[in-house]
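As structure tokens, the structure follows; a few thoughts come after it.
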Amino acid sequence: MRQQLLHAAVLAPNGQWLVQDRAESPVRVLTGPAAMVDLAAQIQHRIRTTRNRTR
């Protein structure tokens, strides 16, 4: 969230993550740590492909 890659990420008491990309986007429910790692990989991929297009 510090780099504005996510609008919000909240850990629920049951271990799920509630994640929102932008303020107007729907809330996504991630089932645990592996899903959070997958989300981080998706964000990195999006950043790298966008960066390569601007070069």
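Look at ARG2 and say whether it is assigned to a loop (DSSP other than H, G, I, E, B) and modelled with pLDDT under 85. Against the criterion (assigned to a loop (DSSP other than H, G, I, E, B) and modelled with pLDDT under 85), ARG2 qualifies.
Scanning segment 20-39 for residues that are more than 12 Å from ALA9 (Cα to Cα) and assigned to a helix (DSSP H, G or I), we see that the one that is least open to solvent (accessible area, probe 1.4 Å) is ALA35. Every listed requirement among (1) open to solvent by 70 Å² or more (accessible area, probe 1.4 Å); (2) over 12 Å from the mean Cα position of the chain (by Cα) is met by GLY15 save one, (1).
The values are calculated or read from the model by the stated rules, or taken from the named source; none is laboratory data. Keep in mind that this is a model prediction, so the values were computed, not measured. Side chains are part of the model used for accessible areas, which takes the heavy atoms of the whole protein and leaves out ligands, DNA and RNA. Shrake-Rupley method; radii C 1.70, N 1.55, O 1.52, S 1.80 Å.
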